[in-house]
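Step one of this worksheet: look at the structure below.
The values are calculated or read from the model by the stated rules, or taken from the named source; none is laboratory data. Keep in mind that this is a model prediction, so the values were computed, not measured. Methodologically, a virtual Cβ is constructed for each residue, glycine included, from the backbone with ideal geometry; neighbour enumeration extends over all protein chains shown.
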């Protein structure tokens, strides 16, 4: 099966997706909270690097930002937030459509994103410790 990264259209399309998703989240009262403060100044680019690597593209995230353990730590210890997760997943699907990612690539990207968000629940409890050396969560 071809890499999802190539099917989507490469880094520029993944960056367009992350920018659109971020815009949609900020405009949605159920999804805005984590995006309203204390984000990395290059959040969209960093997320695009992560998704590019996760979708089978170049190792942009692990070469320049960190590893899966670091990603999990960024999202850990915030408790369960199912309503937020549901809202963010729906907006991700909308962002896919908005930027013209359709059909099988959109389905694969959506399924991956759902699995990635669900995997973060393993470390949602207050005081949860994320182990070192987690493998990259890939599509």
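Return yes or no: is residue 34 out of contact with any strand residue (DSSP E or B) (no Cβ under 8 Å at 6 or more places or on another chain), closer than 18 Å to residue 138 by Cβ and in a helix (DSSP H, G or I)?
On the way: out of contact with any strand residue (DSSP E or B) (no Cβ under 8 Å at 6 or more places or on another chain): yes; closer than 18 Å to residue 138 by Cβ: no; in a helix (DSSP H, G or I): yes.
Spelling it out, it is not the case that residue 34 is out of contact with any strand residue (DSSP E or B) (no Cβ under 8 Å at 6 or more places or on another chain), closer than 18 Å to residue 138 by Cβ and in a helix (DSSP H, G or I).
One residue alone among 115, 126, 94, 121 is without any contact (Cβ under 8 Å) to a residue 24 or more places away in the chain and more than 16 Å from residue 9 (Cβ to Cβ), and that residue is 115.
For the range 67-104, give me each residue that is part of a loop (DSSP other than H, G, I, E, B), modelled with pLDDT of 85 or more and out of contact with any helix residue (DSSP H, G or I) (no Cβ under 6 Å at 6 or more places or on another chain).
We begin by selecting, within the range 67-104, every residue part of a loop (DSSP other than H, G, I, E, B); these are 67, 76-81, 99-102.
Next, from what is left, pick out any that are modelled with pLDDT of 85 or more: 67, 99-102.
Correct list: 67, 100, 102.
Residues in the range 122-139 that are surrounded by 14 or more Cβ atoms within 10 Å (Cβ to Cβ) and either modelled with pLDDT of 90 or more or part of a helix (DSSP H, G or I) (or both): 123 only. From 62, 52, grab the single residue that is touching a residue at least 12 places away in the same chain (Cβ under 8 Å) and either surrounded by 18 or more Cβ atoms within 10 Å (Cβ to Cβ) or part of a loop (DSSP other than H, G, I, E, B) (or both). When all the criteria are applied, what remains is 52. Determine, yes or no, whether residue 57 is in contact with a helix residue (DSSP H, G or I) (Cβ under 9 Å, 6 or more places away or on another chain), surrounded by 17 or more Cβ atoms within 10 Å (Cβ to Cβ) and outside any helix (DSSP H, G or I). When the stated conditions are applied, residue 57 passes them.
The number of residues in the range 7-35 that are within 15 Å of residue 50 (Cα to Cα) and loosely packed, with under 14 Cβ neighbours inside 10 Å comes to 1. Counting the residues of the range 36-49 that are touching a residue at least 12 places away in the same chain (Cβ under 8 Å) and exposed (fewer than 13 other Cβ atoms within 10 Å of the Cβ) gives 0.
Restricting attention to the range 1-31, which residues are part of a helix (DSSP H, G or I) and more than 25 Å from residue 103 (Cβ to Cβ)?
Here is the first cut: in the range 1-31, the residues part of a helix (DSSP H, G or I) are 4-8, 11-27.
Correct list: 26, 27.
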